[in-house]
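Asks: Here it is, the structure, as structure tokens.
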Amino acid sequence: MRSGSRISAALVGLATLPLGVLLSGCVTTQQVAARARLVDDRIRASQSPLRLTHQNPDVRVTRVSLLPGLTGTALAVALRNTSTRSLTDLPIVVGLTTAAGRKLYLNRSANVDYLDNHVVVLPARGLVTWVYTSGRRLPSAARPFAEVGVTQLPEPVAGTLPRVAVNRVPSGSSSLARTLSVSVSNLSGIPQYSVPVYAVAVRSGRWLAAGRAIVAHLGTHGRATVRLTLLGSPGAASLRLSVLPTIFQ
């Protein structure tokens, strides 16, 4: 699925699942209802244009890189949560500033995939590298920017975030391929849907390429393998992978 093409199919699929499927593990009907409401809220949010009323005082944008590739462009953003609590469903807009100082926004129109303009969670005092990808070749001379707002969704009850893990599937090559396989594991008893996986290729502190993939569904203690495409010039760089939970209780 290309960035901004349509609402996440996995979210739509979850919204139509029967109750028995949502009842994964030992959970109450109230927990299942809360999960369904969260998915519904995300779908509705993705159907409207994104507008930031003000920037989030608890989130610092520490780095933004524009990474043009052969088949599109990635925009990687390093975000730090300066607060002592996890922040969820944060709206984020990204774009380019022209030489004339004009801001061109890339991801705030209606019917953009929810994960293309939201960070599902920032752990307390945590650092997350979030990635936006576009099928367009964006001008490399432009200056990228990112702005993070405050969630418009009801925040879940504070607590320990479900654990998910990601690892690269060995390919036998020392250099990074533009397309690679990653294995994602749900280490919790909470089912996960539309799970974002982010990758950044790094060499000598420089970001050379980035990409993202979505795991449609991870059952309790489940595992899945997905393909991820890097946009940019990965070469002999090292790979940094991250994955974020999307269902919190």
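Asks: Give the accessible surface of the chain per residue, rounded to a whole number of Å², with probe radius 1.4 Å and ligands, DNA and RNA excluded.
Replies: Ligands and nucleic acids excluded, the figure is 47 Å² per residue.
Asks: Out of the total accessible area of the chain (probe 1.4 Å, heavy atoms of protein only), what percent is carbon and sulfur?
Replies: 51
Asks: Can you tell me the dipole magnitude for the range 41-144 around its Cα centre, using point charges on the Cβ only (Lys, Arg +1; Asp, Glu -1), in Debye to the nearest 20?
Replies: The dipole of the range 41-144 has a size of about 300 debye.
Asks: Still on this structure, please answer the following. Compactness ratio of the chain: Cα Rg over 2.2 N^0.38 Å, N = residue count?
Replies: Cα Rg divided by the expected 2.2 N^0.38 Å: 0.98.
Asks: Next question. Considering only Pro154, His221, Val59, whose Cα is most displaced toward the positive end of the charge dipole of the chain, charges sitting on Cβ of Lys, Arg (+1) and Asp, Glu (-1)?
Replies: Going by the charge dipole, the pick is Val59.
Asks: On full extension of the chain, what length is gained from Val32 through Ser185, given 0.36 nm per residue of separation minus the C-alpha to C-alpha distance?
Replies: Extending this stretch completely gives an extra 52.9 nm.
Asks: Another question about this same structure. Nothing charged except the Cβ atoms of Lys and Arg (+1) and of Asp and Glu (-1): what's the magnitude of the dipole of the chain about its Cα centre? Round to the nearest 20 debye.
Replies: For this selection, approximately 700 debye.
The values are calculated or read from the model by the stated rules, or taken from the named source; none is laboratory data. Fair warning: this is a prediction, and the values are worked out from it, not measured in the lab. Cβ: placed from backbone, ideal geometry, glycine included. Neighbour counts: every protein chain shown. Side chains are part of the model used for accessible areas, which takes the heavy atoms of the whole protein and leaves out ligands, DNA and RNA. Shrake-Rupley method; radii C 1.70, N 1.55, O 1.52, S 1.80 Å.
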